[in-house]
Amino acid sequence: QQQVKQSPQSLIVQKGGISIINCAYENTAFDYFPWYQQFPGKGPALLIAIRPDVSEKKEGRFTISFNKSAKQFSLHIMDSQPGDSATYFCAASTGQAGTALIFGKGTTLSVSS
Amino acid sequence: GAGVSQSPSNKVTEKGKDVELRCDPISGHTALYWYRQRLGQGLEFLIYFQGNSAPDKSGLPSDRFSAERTGESVSTLTIQRTQQEDSAVYLCASSLAGGPGGELFFGEGSRLTVL
């Protein structure tokens, strides 16, 4: 069964600290792994994404680390800011056209100032 | 408007009533998705439309749920004989092309409360 497991469910980080959110998947056919960010009352928005041909992708303060053999990937937020406080969802999909993204259950991040 | 538009933004209904939720995707986006987000939960896939292909209905939780899309335009999600467990935010998303690697653009959702 296609599934993406995300942890932790919630996270509190001090301003300037590093936030780390982890995801694990089961389906080895998954080949696209995005992270979405959702603020209260808004729809999720794409933050950063990675494909399994690379082990790391960095965009500004956000980095995805990917471990294909362990079937795990993680989001690192460096120098976390109060404005980063949101819910973060990892997701995955296969290479088959017409397949929907499967999302994790989300991590609520609170960055204290 | 430039984004995905959903209506109504909030809907309160009585148990047993039917509800319709509407989604206007971004113009030119061929793929359209419906997800359900229960309080404190992740995004649960419901249904996916891609152009004129048969929709992927594998995520619909019961036969009380159905959705339609006319061409590459508006979609309607219908829930018949609503139950309290149907209370959730229903999110619609569209993308330029279906399949892997396509960024999903989400609307702000329709919050359904079943009393």
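The values are calculated or read from the model by the stated rules, or taken from the named source; none is laboratory data. Just so you know, these numbers come straight off a predicted model, no measurement behind them. Backbone-built Cβ (ideal geometry, glycine too); neighbour counts: all protein chains shown.
Can you tell me which residue in segment A:64-102 is nearest to A:S112 (Cα to Cα), limited to those that are among the aliphatic types (A, V, I, L, M), surrounded by fewer than 16 Cβ atoms within 10 Å (Cβ to Cβ) and away from chain B (no Cβ under 14 Å)?
Taking the candidates together, the pick is A:M78.
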| Do we have A:R61 as modelled with pLDDT of 95 or more, surrounded by fewer than 17 Cβ atoms within 10 Å (Cβ to Cβ) and under 14 Å from the mean Cα position of the chain (by Cα) here? | yes
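Report the residue count in segment A:2-45 for those that are in contact with a Pro (Cβ under 7 Å, 6 or more places away or on another chain), crowded, with 16+ Cβ neighbours inside 10 Å and not hydroxyl-bearing (S, T, Y).
3
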| query | Does segment B:79-100 hold any residues that are over 17 Å from B:D56 (Cβ atoms) and either away from chain A (no Cβ under 12 Å) or free of Cβ contacts under 8 Å to residues at least 40 places away in the same chain (or both), and which are they? | reply | B:I79, B:Q80, B:R81, B:T82, B:Q83, B:Q84, B:E85, B:D86, B:S87, B:A88, B:L96
| note | For segment B:35-58 the number of residues that are surrounded by fewer than 13 Cβ atoms within 10 Å (Cβ to Cβ) and more than 9 Å from every other protein chain (Cβ to nearest Cβ) is 3
| task | Give the residues of segment B:30-58 that are outside any strand (DSSP E or B), in contact with a strand residue (DSSP E or B) (Cβ under 7 Å, 6 or more places away or on another chain) and over 21 Å from A:W35 (Cβ atoms), sorted by residue number. | result | B:T30, B:P55, B:K57
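Could you tell me which of the residues B:A67, B:A93 is assigned to a strand (DSSP E or B), in contact with a strand residue (DSSP E or B) (Cβ under 9 Å, 6 or more places away or on another chain) and over 27 Å from B:K15 (Cβ atoms)?
When all the criteria are applied, what remains is B:A93.
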| task | Within segment B:74-100, track down each residue that is touching an Asp or Glu at 6+ places or on another chain (Cβ under 9 Å), under 23 Å from A:F33 (Cα atoms) and of a type outside the set (S, T, Y). | result | B:L91, B:C92, B:L96, B:P100
| Top-ranked residue in segment A:103-113 [being more than 14 Å from chain B (Cβ to nearest Cβ) and either within 15 Å of A:F33 (Cβ to Cβ) or surrounded by 20 or more Cβ atoms within 10 Å (Cβ to Cβ) (or both); ranked as nearest to the chain's Cα centre (by Cα)] | A:L109
